[in-house]
Every structure is written in C-alpha cells, then in structure tokens.
Amino acid sequence: MVIVLLKGTIILCLVYFILSKAQECPRKCICKKSNQGNGPDWKVRCGDRDKINSLEEVNLTSFHNEVVQLNLSNNYLNLFLPQVQLISLQKLDISRNHLTALVENQFIKVPNLRKLDVSENSIKYIHIQAFTGLKHLERLKINNNQVVTIMEGTFLPLKYLKQIDISNNPLNCDCDLLWMLDWIEEISIKLLSNPRCATPLMFKNKLLRKLRMGIDVNCIPSSSNRDMPVMELSPNYSQIVFEGDSLKLNCKAVSISNNYESEDRIEWLWANMNAKDYFENVLIEDDYYNDNGLCVVHSASIN
C-alpha cells in the first residue's frame with residue numbers, strides 16, 4: 001500500500017511539474033514538451049499571433065536549460081542576443097525577421113546548436129567571428145539575404161558542418177569569396193540550392209560551384225597558382241638612363257577573368273599623371289596570355 005501511494009505521489013508530482021512549466025511559458029509563445037531525451041525537454045514557438053519585437057518579450061529564464069528548439073521565425077527581431085544561456089538548445093529558427101548583420105559572438109549563448117536558420121532576413125554583413133562557439137553545428141541556412149561576401153575563416157569554428165545554404169544572395173564572386181570553393185571541397189560540405197553570382201558582370205547568374213580556380217579566376221594564393229605573384233614588374237630594380245636612351249618596362253598582373261575582352265587594365269603613371277601626358281615619346285602596349293589563367297601584360301617604352 002505504501003509503495004502504491006509512493007508511485008502515485010511521483011506521478012502527481014511529475015504532472016504538476018509539467019503543468020507549472022507550461023504556465024511559465026512566455027505570453028506570446030507556445031511551449032510543448034518534447035518526447036526526446038530523458039528530461040523535460042521543451043519546444044518553444046513564439047509570435048504566431050502576437051509578433052515579437054524584442055527578445056525581452058521571450059523570458060525563458062525559468063526553464064532555459066530545458067529548451068531544445070526555439071522558433072522565432074516571422075517576427076520583427078532586429079537583434080538576437082539572449083539574456084540567458086540556452087545550453088540545451090539544438091535548433092534555432094530566426095528566419096524572416098529584420099536582422100541586418102551577424103555580429104561578433106552572435107551565438108555564444110547557444111553553444112550546442114545543431115541547426116541554425118537565419119534565412120530571409122536583410123543580413124548584409126557577417127562578422128568573421130559571428131559563429132564562434134558553434135562547434136556542434138551541422139546545418140546552416142543564410143539564404144535569401146543581402147550578403148555580398150563572406151570573409152575567409154568565418155566558418156572555421158564549424159567543425160562538424162555538413163550543409164550550408166547561401167543561395168539567393170547578391171554574391172560578389174571575386175577573390176574575397178571564392179576561398180569557399182576550396183573550403184567546400186576540402187571539408188566535403190554540401191552546398192545547397194546552387195548559389196549564383198550577382199557580380200562581377202562577367203559571372204552574373206553563373207553557378208558559384210562552376211567557377212574554376214586558376215581558369216576562370218586567379219586568386220593569390222590559390223590551390224592552383226600559389227607561386228604566381230599578384231603583380232610582376234621587370235626590370236624590378238632601379239634603372240639609370242641618360243637623355244636620349246630608351247627604357248622598356250614590363251608589368252604583368254593576374255586577371256580575374258579568362259575573357260580577352262575583360263575590363264582589367266594596367267595604368268602607367270608618372271607623378272600621378274598618365275605617362276603619355278608627361279612624356280612625348282612613350283609607347284604603351286598591352287597583351288593577354290594564358291599561363292594557368294589569364295594574365296594582363298603591359299609594356300611601356302620611353303624613348
């Protein structure tokens with residue numbers, strides 16, 4: 001009889017515990033108990049009826065260690081800086097809000113995330129240390145924002161990342177972004193939804209993954225031409241020229257494109273003036289040639 005009563009007491013206490021947590025759910029949120037795990041894990045969704053303008057409206061202090069999923073999508077948030085550490089949070093959705101940037105240590109209070117969705121915001125800037133601490137993250141969605149470039153090293157903390165989506169952003173496919181091609185290949189990341197370039201014009205609407213390093217684009221250093229200098233001038237030492245003597249200078253630089261009609265040019269200046277405007281007898285010639293990627297070559301002859 002005592003044993004039965006003890007079991008009944010435990011059941012009543014557990015029911016009371018669950019009800020008390022539900023009563024502490026923030027006013028603009030819906031809290032549901034998850035069947036996963038051993039403890040009382042909670043899934044929280046906010047803003048379905050009354051929209052959230054600030055995280056101050058989402059007070060999870062009483063059970064912040066038990067929230068495993070937090071859905072704040074389709075609200076009016078312009079910042080995500082939790083007041084407490086959400087140590088158990090594995091899935092965070094802050095898509096379709098008003099975020100314009102991912103700042104340094106943006107997610108430092110949600111260190112155990114597996115899935116992060118920041119898509120469909122107005123994000124233009126991602127700090128190189130925005131994802132610091134997210135060593136367990138597996139899936140990342142940054143698609144449908146205003147991201148132009150992503151600095152090399154930004155995803156370095158994401159040791160277990162498996163999927164990333166950066167599609168539908170106005171990506172500028174220059175050397176500041178194309179490090180991602182090597183990174184994706186080296187770590188075997190799945191690039192979702194086939195992101196396309198917006199600029200430069202020669203790559204507009206071209207698939208990012210289709211760009212060929214060392215052929216379409218030469219970046220220094222890159223996996224294909226690490227020993228090629230950014231610019232080479234010859235002769236590369238001071239010259240002594242007497243009046244009436246001729247002097248020939250050659251300048252070679254790597255072009256971003258293999259298009260012979262590229263707008264890439266080298267200018268020769270003397271005292272910040274066009275050399276042709278300063279010297280009467282100067283001949284400037286330009287040429288292009290392929291040497292593991294297109295190079296621009298200019299020769300200046302002064303007589």
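The numbers here are math on the coordinates, done by the rules we state, and not lab data. Remember, it's a predicted structure, so these values are computed and weren't measured experimentally. Note: ideal-geometry Cβ built from the backbone for every residue, glycine included; neighbour counts use all protein chains shown.
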Mean Cβ-within-10 Å packing, highest first, puts peptides 243-250, 158-165 in the order 158-165, 243-250
How far, in nm, would the chain grow between Lys248 and Glu186 when pulled straight, counting 0.36 nm per residue and subtracting the alpha carbon separation? 17.9 nm
Which pairs, out of Lys115/Lys190; Lys159/Lys190; Lys33/Lys109, put more than 18 Å between their alpha-carbon atoms? Lys33/Lys109
